[in-house]
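Colleague: Before I ask anything, here is the structure I am working with.
The values are calculated or read from the model by the stated rules, or taken from the named source; none is laboratory data. Bear in mind that the values here come from a model prediction, so they are computed numbers and not experimental data. Note that we place each Cβ from the backbone using ideal geometry, even for glycine, and neighbour counts take in every protein chain shown. Keep in mind that these areas ignore ligands, DNA and RNA; they rest on the heavy atoms of the full protein, side chains included. Shrake-Rupley method; radii C 1.70, N 1.55, O 1.52, S 1.80 Å.
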Amino acid sequence: MTTITEVAQLASPFLRDYPDFVMEKREIFRTPVRHLVVGFSFGPPHYKGEVDLYWRVEFLFSPPNFSVGIGRQIDGAHGFLGEDPTLPARVRAEMERAASEVIVSGTSLDNMLSVQQHMNPYAGMSYPSQALLHAALGRFPEARAVLEKYLDLNWADANAYGASPSVVIGSKKSERRQRFKVQWLENLGNLDALRIMLAEEDPAPVAALLHEWEAMNVQVRKLERFWRPSPFPFESKVASANGPS
């Protein structure tokens, strides 16, 4: 497998030229961090020396333990260390290309829909990612509609998950399935709570919930030293509308 040291060596030329990016384990992201973690990640390799690079934009304002966002594998940066002498140069070139063409400086919630065009067209943005992005942008009806569709598709499956005649009750596999089910139901419950708030169309509780989730994710990810809390776009609009005339 590709070690953290090998990943750091691959990333070091890019980091020297782009000092606003930092590296944490297998991830490289732009600082400061606000609502988004914008950068790259080296995927866990399946084979010795394998390099698998992605550009990513992670939404921090998601329910705890429920990572959402957008991204794509960078095909030109895939290869095996020791087999392809051009790989380090290709990794650096692809990172520089993505930083200048895809996840450019200034990538934010406001221009996330334009960044989406660089995703794999056959994959697209997941329902939770769509809903949370709409919510953060203040598009409450759109966010609620997507959440309702997602919840309708998942509640029954989540409740039924775990029961299988091929799984022995009390086995480690059974316990893993049960833990997954509990987490799945918790995620759906959190998103359902957001759906209810969106239906009421009151910006204050929606903002409070998204800020709470963001702070929790920052703590779990240990991003406190890079994070700069800031209002969501719809909060700024509300404050402007309620300001002095």
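Colleague: Hey, got a sec? Which chymotrypsin sites (Phe, Trp or Tyr not before Pro) in region 33-108 land in a DSSP loop and have at most 15 other Cβ atoms within 10 Å? Present the calculation step by step, with values, prior to reporting the outcome.
Modeller: Values: sites: Phe40, Phe42, Tyr47, Tyr54, Trp55, Phe59, Phe61, Phe66, Phe80; in loops: Tyr47, Phe61, Phe66.
Listed in order of number, the matching sites are Tyr47.
Colleague: Identify all lysines with a Cα-Cα distance to Lys173 below 22 Å; exclude those on the same chain that are fewer than 8 residues away in sequence.
Modeller: Lys181
Colleague: Before I look further, what does the chain give for accessible area per residue, probe 1.4 Å, in whole square angstrom?
Modeller: Details: 13080 Å² over 245 residues.
On a per-residue basis, 53 Å².
Colleague: Let me ask something additional. Distance in nm between label sites at Gln178 and His46, each 7 Å beyond Cα in the beta-carbon direction?
Modeller: About 3.2 nm separates the two model spin labels.
Colleague: Label-point separation (nm) for Ser100 and Ala156, each offset 7 Å from Cα along Cα-to-Cβ?
Modeller: In this crude spin-label approximation the distance works out to 5.2 nm.
Colleague: On the accessible surface of the chain, probed at 1.4 Å, how many percent belong to carbon and sulfur atoms? List each step's numbers first, then the result.
Modeller: Details: 7040 of 13080 Å².
C and S fraction of accessible area: 54 percent.
Colleague: Just tell me the longest site-free run in the chain, where the sites are GluC sites (Glu not before Pro) in a DSSP loop having at most 15 other beta-carbon atoms within 10 Å.
Modeller: Numbers: sites that count: Glu83, Glu201, Glu224.
Here the longest segment lacking exposed loop sites spans 84-200.
Colleague: Given a Förster distance of 25 angstrom, what is the FRET efficiency for Ala93 paired with Ser114, based on the Cβ-Cβ distance and rounded to 0.05? If you can, show how the numbers build up before the last one.
Modeller: Working: r = 23 Å, r/R0 = 0.92.
After rounding, the FRET efficiency stands at 0.60.
Colleague: Multiply the residue separation of Arg16 and Met216 by 0.36 nm, subtract the distance between their alpha-carbon atoms, and state the gained length in nm to one decimal. List each step's numbers first, then the result.
Modeller: Numbers: separation 200, 0.36 × 200 = 72.00 nm, distance 3.09 nm.
Contour length minus Cα-Cα distance gives 68.9 nm.
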